[in-house]
1. Can you spot a residue in the stretch B:209-222 that is among the polar types (S, T, N, Q) and at pLDDT below 95?
2. Among the numbered criteria (1) out of contact with any strand residue (DSSP E or B) (no Cβ under 6 Å at 6 or more places or on another chain); (2) part of a loop (DSSP other than H, G, I, E, B), which one does A:Asp213 miss?
3. Take the stretch B:160-202 and flag every residue that is crowded, with 24+ Cβ neighbours inside 10 Å, under 22 Å from B:Lys225 (Cα atoms) and among the polar types (S, T, N, Q).
4. Restricting the search to the stretch A:255-283, which residues are buried (at least 21 other Cβ atoms within 10 Å of the Cβ), in a helix (DSSP H, G or I) and at the interface with another protein chain (Cβ under 7 Å from one of its Cβ atoms)?
5. Among the residues of the stretch A:49-61, what is the count of those that are crowded, with 22+ Cβ neighbours inside 10 Å and either hydrophobic (A, V, I, L, M, F, W, C) or in contact with an Asp or Glu (Cβ under 6 Å, 6 or more places away or on another chain) (or both)?
6. Where in the stretch B:91-208 are there helices (runs of 4 or more DSSP H), lying fully within it, with 1 or more residues that are facing chain A (nearest Cβ under 8 Å)?
7. How about the stretch A:64-117: which of its residues are more than 14 Å from every other protein chain (Cβ to nearest Cβ), in contact with a Phe, Trp or Tyr (Cβ under 6 Å, 6 or more places away or on another chain) and of a type outside the set (Ser, Thr, Tyr)?
8. Return the total of residues in the stretch B:55-90 being closer than 22 Å to B:Cys176 by Cα and part of a loop (DSSP other than H, G, I, E, B).
Amino acid sequence: MKIHEYQAKELFKKYSIPIPEGGVAFNISEAQGVAEKLGGYPVVVKAQIHAGGRGKGGGVKLAGSQGEVKTVAGQILGMNLITHQTSPEGRLVKKVLVEQGLNIQKELYLSIIPDRATATVVIIASEAGGMDIEAVAEKTPEKIIKVYINPLVGIQPYHCREVAYGLNLVPETIKPFTALLSRLYALFVDYDCSLVEINPLVITAEQTVIALDGKVNFDDSALFRHKDILAYRDLDEENPLEIEASKYNLNYIALDGNVGNMVNGAGLAMATMDIIKQAGASPANFLDVGGGANAEMVENGFRIILSDKNVKGILINIFGGILRCDILAEGVVQAAKKTGITVPVVVRMEGTNVEEGRRILRESGLNLTTAVDLKDAALKVAAIVKG
Amino acid sequence: MSIFVDKNTRLLVQGITGKEGQFHTRQCVAYGTQVVAGVTPGKAGQKMDNVPVFHTVKDAVKATGANCSMIFVPPPFAADAIMEAADAGVALIVAITEGIPVMDMMRVKNFLAGKPCRLIGPNCPGIITPGECKIGIMPGPIHQPGGPIGVVSRSGTLTYEVVHQLTRQGIGQTTCIGIGGDPVNGTNFIDCLDAFQKDADTSGIVMVGEIGGTAEEEAAEFIQKYVTKPVIGFIAGLTAPPGRRMGHAGAIISGSSGTGQGKIAAMKSCGIAVCEDLGTLGELCAKVFGK
């Protein structure tokens, strides 16, 4: 799960990680109110959306007076902000963060992520702050510092020193930096984060260390023990069909093709998308109904796929194991009768009780195309959407 | 022969009295697996069918000599269950549970380091040596006993698809292992490849990977250096968009890392026969494995 920068900074504040003075605003007058309280200009007005690259897209602007805050906030609020991380249509900006301007002397990069290969928590830092860290790692790997921490032991002072000296910090900033880093680690662990990132972390002319930006993502599997984080969820940032699917425990991801598909199991669902592509068509979604799917889940899956107006054909691919094909066929028939099939459907079933499942589909009176195997199914559905 | 499990494996089931635990225990018993004990705290003295239930894994091991555990404990308590099994001296732990927090699994993995115990999963279908022993949730009848092919995969139903295509070609399996779809897991591709290479009855290997992480790339390098048996590789998720979790917690492309295209290139450069069309995997296996 992702949250906004201003929400990330609320968590930073809770962990005594220094952030610029500021506040979130939902309209122009609120933005002016926040700016006035900061006690001096310039201030920075930052669009709050769940995507990076906001500055380049025109979503972050400096304002030197109250009048300029009005102009700038007016430009950003309500804009469709397009960045390399948004869809081509961009994202509607509904709120801005207004913050004090700082005398920046140096910009650093700092993040903490889980390292899946070593099962450790890794701190990544660089003197090349404010830039795309993947590009830095590719072009100048020597500028990247990585420190791996065994989660059973946790962060130790020497880990912090290793990062601090690696960043060539001047003596007066070492202590505030190491304090900040150990608190950031605590935040990462306490909240089961999948990423905390400060880019840039700035050293000011006054030699203070401040998190100018903040990004925090959470492990979805751990949200059950972080109810306070669920309150940060912003449905405006999510695809409406994905929100609908999440209500029924369906794993649905909207894509831009025109072949809807419903599969049991994530690996087989990915492979089904791939085979649709190889057949010359393009998947409209990823949908894993899971190993324990019942008729109701199949029905909801059907309805969600059909709500996508781009869908011109549907491929159902089920490998019956514990979930028997006859049960699934019944579910498909019920769902199709209730929901109404508005586009051609190709069904491929294999596994436990497959003959019985095929018979149920054949005798249902529904306009379903059956396929003998995966390849046959993909070719049939591709032929349908191509007309 | 086989790897990790066979007809002598003595299985205990943690979470045996839950809905999933009961259902799949019965399926395993029906397949012929020796299920000797169950563990549900608070239910010692009860029986699930004919299987005695114990409060703790230690009690179960002491009373029955169980040497393998299958875990159906819900995600919030699963890490604890794995560590309990390891502490009780269980040699093989198969964690079926999906949705264990990453931080919990990182702690578990470090806890297990240096202990004489192997973890398979979590978030996996389990492991089966066809005709001898089924430990997990996979459908038994699609498998063909007798070998000579070993299967290792990060997926569940996709593994069934692969096994089904092998069986349809008349190609049997020695052992099929699902190592799980989570970012942090126990046994990895390399552990299985190494075991299959050393297993006299396995003459070829099918390896089923997916997007996310670097496990397939590392496995490909290992194969080039140490595996002399033919290997067929498959990668799911070539059309997956970056930055999205594709059902499995571990199936996510982060920046330029973990793409299907990168994995296929790595496998090809290490001499692995890559199947790029799942619909024809069975035919490719028949060709490469010479059936």
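The values are calculated or read from the model by the stated rules, or taken from the named source; none is laboratory data. Note that the structure is a prediction, hence the values are computed from the model and not measured. A quick note on method: Cβ atoms are made from the backbone with ideal geometry, for glycine too, and the neighbour counts reach across all protein chains shown.
1. yes
2. So A:Asp213 meets the others, but not (1).
3. Of everything in the stretch B:160-202, nothing turns out to be crowded, with 24+ Cβ neighbours inside 10 Å, under 22 Å from B:Lys225 (Cα atoms) and among the polar types (S, T, N, Q).
4. A:Ala266, A:Gly267, A:Leu268, A:Ala269, A:Met270, A:Ala271, A:Met273, A:Asp274, A:Ile275
5. The total comes to 1.
6. B:102-112, B:157-168
7. Correct list: A:Gly64, A:Lys95, A:Leu97.
8. 4
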